[in-house]
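The block underneath contains the structure these notes are about, expressed in structure tokens.
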């Protein structure tokens, strides 16, 4: 799907393409490819590069065409996958043509277009558009980071009640998301320096806008680093708790194998899937060993198994 946008105190959609207008292409189909390659003569190699999901932020040139690839955040709706990810967007420009191509639906582009209308922002040239898209990406990184922080807090509260694999995997997915965010933000930050070098001898460079973009990117990067450090500390803390449980289990097995067992209370934090509770008394030491060793005995928090004083 493609739209033709012309800047009139904000981007306004037009029925057909005009010189110096912005062609925004999202999830391109065969008709879009035909228009880009045949009508606008956009290099096909650029479109192939943008289609690569793992493409990193970079610039490339072919003839009088300039390709700028950025990475922007998206929310993942699929269950069991990363809650957020980053995808490439390519901005292809020459003297009269500005084209953006993204193979994924995102919230960023519609919000950016609406923002320019609401604020009456005038985008003067192609570099202005690229810089403002980078700025918008930083804003959306920060929005999604707030949601990630909420998800981390919710997972921590669940883990405080009971350590479950689902909650640990949830934190692991959030940790991977933060790594991808960190890499993408750093890549976009590097692009600022490259663009400044490319356009340094032109009238396109707006130093104040460049400074604003750098500040917003640094804020997003600092936020990612803070949340990553917090999450790493949380994962390490729960790893220590799990290690302590394993030590308790090993001591239990050792005592069950001994010829003499002292009277003791065993505390075991597990959860019944149905939420039921039971107080179990074991008189047969061999049976107790088999049940605990096989992991069949699911005992809820604050429940206890009483092991009686036995001489074998």
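The values are calculated or read from the model by the stated rules, or taken from the named source; none is laboratory data. As the structure is a prediction and not an experimental result, all values here were calculated from the model. Don't worry about glycine lacking a Cβ; one is built from the backbone with ideal geometry, like all the others, and counts go over all protein chains shown.
Take residue 74 and tell me if it is surrounded by fewer than 22 Cβ atoms within 10 Å (Cβ to Cβ) and closer than 21 Å to residue 195 by Cα. Answer is no for this residue. Of the residues making up region 196-227, those that are in contact with a helix residue (DSSP H, G or I) (Cβ under 6 Å, 6 or more places away or on another chain) and modelled with pLDDT under 90 are 199, 204.
Checked against the criterion of being within 21 Å of the chain's Cα centre (by Cα) and assigned to a helix (DSSP H, G or I), region 122-134 contains one or more residues that satisfy it. Restricting region 118-136 to residues that are loosely packed, with under 15 Cβ neighbours inside 10 Å and either free of Cβ contacts under 8 Å to residues at least 24 places away in the same chain or in contact with a strand residue (DSSP E or B) (Cβ under 9 Å, 6 or more places away or on another chain) (or both) leaves a set whose member that is nearest to residue 202 (Cα to Cα) is 124.
Of the residues making up region 58-91, those that are farther than 20 Å from residue 213 by Cα and more than 20 Å from the chain's Cα centre (by Cα) are 60, 61, 62, 63, 64, 65, 66. Is it true that some residue in region 257-270 is in a loop (DSSP other than H, G, I, E, B), under 30 Å from residue 183 (Cβ atoms) and either at pLDDT 80 or above or over 32 Å from the mean Cα position of the chain (by Cα) (or both)? No, region 257-270 contains no residue that is in a loop (DSSP other than H, G, I, E, B), under 30 Å from residue 183 (Cβ atoms) and either at pLDDT 80 or above or over 32 Å from the mean Cα position of the chain (by Cα) (or both). Which residues, counting only those in region 66-76, are outside any loop (DSSP other than H, G, I, E, B) and more than 17 Å from residue 191 (Cα to Cα)? 74, 75 - these are the residues of region 66-76 that are outside any loop (DSSP other than H, G, I, E, B) and more than 17 Å from residue 191 (Cα to Cα). For residue 95, the requirement of being over 21 Å from residue 198 (Cβ atoms) and modelled with pLDDT under 90 is not met. For region 29-37, the count of residues that are within 30 Å of residue 182 (Cα to Cα), modelled with pLDDT of 90 or more and touching a strand residue (DSSP E or B) at 6+ places or on another chain (Cβ under 9 Å) is zero.
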